[in-house]
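Worksheet: one structure, shown below.
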Amino acid sequence: GFLKMSPSSFISKLFSHRNPKELVFITATIISLLSVSFYFIWKQRPHAKIQQSSEIDKMKSDEIGEVNNASPSDNNDDVPDVEDVEDDDEDSSEDGENDDEEQQKIKDAELRSKYEDATRVANKLIQGNAYGRAIEKLTEALELAKLVPPSGKDVMALYNNRSAMYLKEGNVEKAMQDITSILTFDPKHIKARNRRAKIYEEQKKYQECLDDLMLAGVLQRAQNIQSDESKLEFLTRTIAMQRVPELVQQLVAAGESNSSKLPSRSHCKNFFDTFPSVHLWRHHFEDGQVTKSQLLTKLSELSQLAALAISPVTSPSPPIDTTTSSDTASSATTALSGGISISKDVLRATLLLICYELYCENAFGAAFSRLDDLQSKFDAVAAVEGFRAAAGKVNGADLQAVALMLELLGTQKHLLYDLNAATSLFALSLEADQLLHTQTLSQATFEADGEILGDDDQLIFHSVDVRLKQAAILLEKCEDDKAMEVFEDLLSGQSGNESDEFRPWVLIHRTTYWLNRNEMYELKPHAMEAALSDVEECLKMTSVEVDEEEDEEAEALRKAARLIALLRSMHVLTQTKQQLGMLPTEEDQARNSASLAEIKTLFPKHEAVLQLEVDALTSSGDPDGALQLLEDFARKHPQGKDGLLEVTLVLLRASIVTARAFMILQSPNVGQLQLADAQGSFKEAEMLYAAAMKADPSAIEVAAQFAQLKNAIGDYDDAVQLLQNALPISRSRVEVQELCQMLIMNSAQGRAYKEFFKITNMNE
């Protein structure tokens, strides 16, 4: 009946007609039932809250522009199962502990909620570019993170984001503190390392920036993540520019103290080949069928007549029967003007022998050693002073011999990087030339008294050579404006030269002006276009259309200038473009192919032809064809001059073998046999490079290529050692810059891999 009553009727019926004891009992029963009900309701409420917070634990803080791949662990295990507990005296202490635990979980859930709210607000502030307020919220989140259980939070992301905000606010010190905190706990944190690299760049600490970026790249490659290496070139170039002035000063000091050595034979040969009188000398010796044996024999006879002993050559050739002119005895005892007691004929004969060794044999060490010995017996500088005092009463052949000797001495100093001494000697050589031009001298004077070439062309080209060498020194000193004045003076005809045959050579050297980098290692605006313009004009002047009046000497000069212009064109369209971050176009490639074809026609036996053809075959993926071409060339040219060709052939073979090894490794199906083949090729290349360096220790190009091989196979320490040894024998500011960049890159790579293995092993 009670069930059918309304609540009010039920209450009225329940309490009506009851005595006081019954009323107390009923009231107590109702209160007890309500208490039990509220207890269970209270017991269930925090359990639901904790379950909700467990779901929140799976959320992570978002970094601006970043993806966080770490997933928090499930937090359900931290929540004990809720069980009904009997309310008796024995379990009263356990109930107290459960209450404390439940209270702590409620507190943790509230803290986690605040932490997540702070993180969420911080991300919104970051997206809204409110950097200062974002820093405050990120700091709040980091403080709350100290109180929140580890699960479900990413403190590293908070530090990384806050460091980014500090950088936006310009607070580099605070940003660095946050990144240091991350890397202390996780040295493999790529984003933090990239962030610190950016901070180092802001602080202009480029070496530290490079080290961090290099290690970040290694870490990314270990995870098969593509790394951004666009900054590496800028950093290595910038660091090198900071070191180059000191390194160049060391080269200057070594040159001035006579402690430096000659550069490699290939460097010396390439240097001499860009000057016109060198080709006149070669034509003179070859056309006259002059041999070294003849020159040595005549020099010995003249020395005996003059009772002066000229130091013997390193490896003299057997003498042959020759006769001297009828006036040898009288001229042998004639002293040069200025009171210098040496036979003019001995001086001329010695200079002829030196020129032969320099220009026909590439025996640069022997030639300059002979020049040093001649200088100890004859003071050419004092001779010029004597010529000044003679006031026009000087024999023309004497003047020409002294001018040539001063030029050779200046060239030697130039190659040894004693630039100031070279400049002074070139100035004296030009002064001797000027004295010669201002005197009234007949051609008969040269024919009667001179063994040195005495025609007008030789005098003109000697003067042009010296002026061009002066310009080269000015470019090396970054005095480009003064160098341009020299070029313009020569091209305008104001220098007093009437011949046009030297003009292509001036244009060739002016391309060096356009491509010369300043102290910041920067090219001039439109440098490539200007250099190509000069090359084009040079090619027009040296057209293959042969003039009927052109003699053999003029033809030799024209063809030599055209060869260098074609090579310079190919250099600009390939290497210069590559340095500027440009790729050769189809038109460029067609032009290079045409240039190579013409070079093969002009000079089929020139080693440049071999190098270009080998490069073309190797780059097209035919290393076997390149090796066959090399072997065919070696059979046709079994003996090189002074070892120069042998070094070139060994160097080319090493580059081909190296390219072949990399082609094997890059093929789609690489098995054990292929790996063994590639390893064998690498070992062969190492032996070839070592042999080339032994043959010519001063060959920087060998050291650079050998270092590149060592870098490719991961032997960074050896690569660094090779480059360090090459720096003291470099002979130009640009060469020092490029070697220094390679050295910095290899050193950074070596440090990065060592640090990578260190932190990897530490984590394991």
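The values are calculated or read from the model by the stated rules, or taken from the named source; none is laboratory data. Remember, it's a predicted structure, so these values are computed and weren't measured experimentally. When we count neighbours, we look across all protein chains shown, and the Cβ atoms used for this are built from the backbone with ideal geometry, even at glycine. We work out accessible area using only protein heavy atoms, side chains counted, and drop any ligands, DNA or RNA first. Shrake-Rupley method; radii C 1.70, N 1.55, O 1.52, S 1.80 Å.
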Does ALA389 satisfy the criteria of being in a helix (DSSP H, G or I), at pLDDT below 80 and of a type outside the set (Asp, Glu)? yes
Would you pick out the residues in region 599-616 that are assigned to a loop (DSSP other than H, G, I, E, B) and out of contact with any His (no Cβ under 9 Å at 6 or more places or on another chain)? PHE603, PRO604, HIS606
Set ALA134, ALA164, ALA122: member being touching a Phe, Trp or Tyr at 6+ places or on another chain (Cβ under 9 Å) and either farther than 17 Å from LYS198 by Cβ or at pLDDT below 95 (or both): ALA164
Answer yes or no: is there a residue in region 528-538 that is over 26 Å from the mean Cα position of the chain (by Cα), open to solvent by 40 Å² or more (accessible area, probe 1.4 Å), hydroxyl-bearing (Ser, Thr, Tyr) and over 30 Å from ASP287 (Cα atoms). yes
What tally of residues in region 731-764 results from selecting those that are of a type in the set (A, V, I, L, M) and closer than 26 Å to GLU256 by Cβ? 4
Could you say whether any residue in region 272-279 is at pLDDT 95 or above, part of a helix (DSSP H, G or I) and under 24 Å from the mean Cα position of the chain (by Cα)? no
Return only the number of the condition from (1) surrounded by fewer than 17 Cβ atoms within 10 Å (Cβ to Cβ); (2) closer than 29 Å to THR760 by Cα that LEU183 does not satisfy. (1)
Unique residue being assigned to a loop (DSSP other than H, G, I, E, B) and either over 27 Å from the mean Cα position of the chain (by Cα) or modelled with pLDDT under 90 (or both) when the list is SER543, SER595: SER543
Does LYS559 satisfy the criteria of being part of a helix (DSSP H, G or I), more than 23 Å from MET687 (Cα to Cα), open to solvent by 70 Å² or more (accessible area, probe 1.4 Å) and among the basic types (Lys, Arg)? no
Cβ contacts < 7 Å: first residue modelled with pLDDT under 95, restricted to region 465-491; second residue open to solvent by 40 Å² or more (accessible area, probe 1.4 Å) and in a helix (DSSP H, G or I), any location; separation 6+ or different chain. Result? LEU490/ARG467; LEU491/ARG503
Within region 379-395, can you find the residues that are in contact (Cβ under 8 Å) with a residue 24 or more places away in the chain and surrounded by fewer than 23 Cβ atoms within 10 Å (Cβ to Cβ)? ASP379, VAL381, ALA382, VAL384, GLU385, GLY386, ARG388, ALA389, ALA390, GLY392, LYS393, ASN395
Quick one: how many residues across region 695-747 are among the hydroxyl-bearing types (Ser, Thr, Tyr), under 17 Å from VAL252 (Cβ atoms) and surrounded by fewer than 22 Cβ atoms within 10 Å (Cβ to Cβ)? 1
Which of (1) hydroxyl-bearing (Ser, Thr, Tyr); (2) closer than 30 Å to LEU580 by Cα; (3) in a helix (DSSP H, G or I) is the odd one out, the single condition SER227 does not satisfy? (3)
Any chance PHE368 is buried (at least 23 other Cβ atoms within 10 Å of the Cβ), aromatic (Phe, Trp, Tyr) and closer than 30 Å to ARG733 by Cα: no
Of all residues in region 141-177, count the ones that are assigned to a helix (DSSP H, G or I) and among the β-branched types (Val, Ile, Thr). 2
Kindly evaluate VAL650 against the criterion of being open to solvent by 30 Å² or more (accessible area, probe 1.4 Å), under 26 Å from ASP718 (Cβ atoms), more than 25 Å from the chain's Cα centre (by Cα) and of a type outside the set (S, T, N, Q). no
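Yes/no matrix, rows are residues, columns are (1) in contact with a helix residue (DSSP H, G or I) (Cβ under 8 Å, 6 or more places away or on another chain); (2) of a type in the set (Phe, Trp, Tyr); (3) part of a helix (DSSP H, G or I); (4) under 24 Å from GLU361 (Cα atoms):
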position: THR618; (1), (2), (3), (4): yes, no, yes, no
position: LEU651; (1), (2), (3), (4): yes, no, yes, yes
position: GLN705; (1), (2), (3), (4): yes, no, yes, no
position: GLY714; (1), (2), (3), (4): yes, no, no, no
Checking THR658 against (1) closer than 30 Å to SER230 by Cβ; (2) surrounded by fewer than 19 Cβ atoms within 10 Å (Cβ to Cβ); (3) not aliphatic (A, V, I, L, M), the condition it does not meet: (2)
Output for region 112-137, where each listed residue is of a type in the set (Lys, Arg) and either open to solvent by less than 20 Å² (accessible area, probe 1.4 Å) or under 24 Å from PRO150 (Cβ atoms) (or both): ARG112, LYS114, ARG120, LYS137
Selection status of SER732, of a type in the set (S, T, N, Q) and in contact (Cβ under 8 Å) with a residue 60 or more places away in the chain: yes
When every residue in region 214-232 that is surrounded by fewer than 13 Cβ atoms within 10 Å (Cβ to Cβ) and not β-branched (Val, Ile, Thr) is compared, the one nearest to GLU519 (Cα to Cα) is SER230
With the condition kept exactly as written, say whether any residue in region 655-670 is modelled with pLDDT under 95 and of a type in the set (Phe, Trp, Tyr). yes
Tally, over region 682-700, of residues that are closer than 14 Å to GLU646 by Cα, in a helix (DSSP H, G or I) and not charged (D, E, K, R): 7
Output yes when any residue across region 680-693 is open to solvent by 60 Å² or more (accessible area, probe 1.4 Å) and at pLDDT below 95, and no when none is. no
Could you list, in sequence order, all residues of region 414-437 that are hydrophobic (A, V, I, L, M, F, W, C) and in a helix (DSSP H, G or I)? LEU415, LEU419, ALA421, ALA422, LEU425, PHE426, ALA427, LEU428, LEU430, ALA432, LEU435, LEU436
Please identify the pairs in which a residue from region 519-538 that is assigned to a helix (DSSP H, G or I) has its Cβ atom under 6 Å from the Cβ atom of a residue that is open to solvent by 20 Å² or more (accessible area, probe 1.4 Å) and polar (S, T, N, Q), counting only partners at least 6 apart or on another chain. none
